[in-house]
Amino acid sequence: MDYTGNQLNAEAFMAVMMGDSEAVEGGKVLQSTIEDNVFVFFVDHGAPGILAFPGPDEKHPFSFFYADQLMDTLEYMYTHRMYKELVFYVEACEAGSMFVDLPDDMNIYTMTASDEEVSSWAIYCDEEAIIEGKDVGTCLGDLFSINWMADTIAHRG
């Protein structure tokens, strides 16, 4: 893993996407060009107009990434020719709200686990979330993604 704990936040995510290694103290960043196809897979919590990153501590369990920050990042990537096509997959509640203002002409394709007003439902929780006899204390998947992956496997050639 390249970024963990307090390093996971909106500012670091934007820096990685925009190729700004100085902002992440020389950490790995996207170095794509107009010749590259880029795939982003984002999984965490969400609410209308926001995605969540882990917070800095128990008192602040989340830090937020707002839809306008995402649009600024995508516009920067587009104007700086950082991709030929970009696919952005988001698994979070109300994930569709992040792309309401996405222009149609930027070669960005989005897939979200939910629209602007719907939750994304967890699966494999409680007794189904026991691995090698240990309760991991969380759900292991999202209903949308589990079905998407199962369908992909069932239809691969």
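Just so it is clear, none of the values below were taken in a lab; they were calculated from the coordinates. Remember, predicted model here, so these are calculated numbers, not experimental data. So basically every Cβ, Gly included, is an ideal-geometry build from the backbone, and we count neighbours across all protein chains shown.
Relative to the first principal axis of the alpha-carbon coordinates of the chain, what is the inclination of helix 143-155, with its axis defined by its Cα atoms, in degrees from 0 to 90 and to the nearest 10? The angle comes out near 80 degrees. Shape class for the range 2-78, computed from the alpha carbon gyration tensor (a ≥ b ≥ c): oblate, with a/c not under 1.5 and a/b at or below b/c. When all alpha carbon pairs of the range 84-132 are counted in 5 Å bins from zero, the resulting P(r) reads 5, 19, 21, 16, 14, 10, 7, 5, 3, 1 %.
Here the sum of -39500 (n - 2.57) over DSSP H runs of 4 or more residues, divided by the residues of the chain, equals -6500 deg cm²/dmol at 222 nm, to the nearest 500.
For Val24, the shell of other residues with beta-carbons less than 12 Å away shows a net charge of -4, using +1 for Lys and Arg and -1 for Asp and Glu.
In the range 5-119, the DSSP beta bridges split such that about 40 percent are antiparallel, to the nearest 5.
Against the main long axis of the alpha-carbon atoms of the chain, helix 67-79 sits at an angle near 40°. Applying a 4.7 Å cutoff between beta carbons, the unpaired cysteines of the chain are Cys93.
Here the Karplus relation 6.51 cos²θ - 1.76 cosθ + 1.60, evaluated at θ = phi - 60°, turns the backbone of the range 34-47 into coupling constants of 4, 8, 9, 9, 10, 10, 10, 10, 10, 10, 5, 8, x, 7 Hz, with x for every Gly and Pro. Our compactness index for the chain, the C-alpha radius of gyration over the empirical 2.2 N^0.38 Å, is 1.12. Projecting the Cα atoms of Val136, Tyr66, Met82 onto the charge dipole of the chain, computed from C-beta unit charges around the Cα centre, puts Met82 farthest toward the positive end.
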